[in-house]
Amino acid sequence: MRAAISRLLGAAVVAGALAVSLSACSGDSAQSDGTTSTQPQSVATDATPTKTGSTVSQNSNAPAVPGPSLPPATSIPESKRLPDLGGTRCDTVNGPDGTLHVVILGDGSIDCAVAMKIAKEYAPMIATGKAQQVHGWDCGPSQTRGVLSRCIMGTDTIAFSIE
């Protein structure tokens, strides 16, 4: 008896699902006046064909949403400021994490041409974190805040600044 009821319920469920599927696929739709139409309804879209033959829908009624509008920074907190190195600023070199500014510190007995020659040779070695010798200059990591590395010879220092 249970098996017969179970088969009967299963058949009813299948028949109901089939009826719903067939009515959805038939293309008939009820009009507001109670009549039915067998014509498929078209949807108006602005479509632009692409090179591959597909279309891209462009809805000109969609509003553009701007990104956040933040005011420009007017001051940097003291804890985030880098020290003013107060030397001669030369060009930049590529460091291990981006651009480094080359600054001549000390008595200024060298110029940017000399500093940049040393800087370009030493910059690829900065990532090692080890002391290096470059044309008689002692180069290595720096303990000065804002200065990643430095090269020293006598009273002259070439600093590699992250600012």
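The values are calculated or read from the model by the stated rules, or taken from the named source; none is laboratory data. Everything numeric in this text was worked out from a predicted model, so none of it was measured. Glycine gets a Cβ as well: all are built from the backbone with ideal geometry, and neighbour counts include every protein chain shown. SASA here: full protein model, heavy atoms, side chains in, ligands and nucleic acids out. Shrake-Rupley method; radii C 1.70, N 1.55, O 1.52, S 1.80 Å.
Nonpolar atom fraction for the range 84-163, defined as the carbon and sulfur part of the 1.4 Å probe accessible area, stands at 50 percent.
Using the Cβ of Pro141 as centre and a radius below 9 Å, the other residues enclosed give a net charge of +2, where K and R count +1 and D and E count -1.
Mind giving me the FRET efficiency for Ser75 and Arg145? R0 is 25 Å, r the Cβ-Cβ distance, nearest 0.05 is fine. Please list the in-between numbers first.
Numbers: r = 19 Å, r/R0 = 0.75.
Efficiency at R0 = 25 Å is approximately 0.85.
Output the direction-averaged projected area (hull surface divided by four) of the convex hull of the alpha-carbon atoms of the range 86-128, in nm². Show your work: numbers first, answer last.
On the way: hull surface 12.3 nm².
The number I arrive at for the range 86-128 is 3.1 nm².
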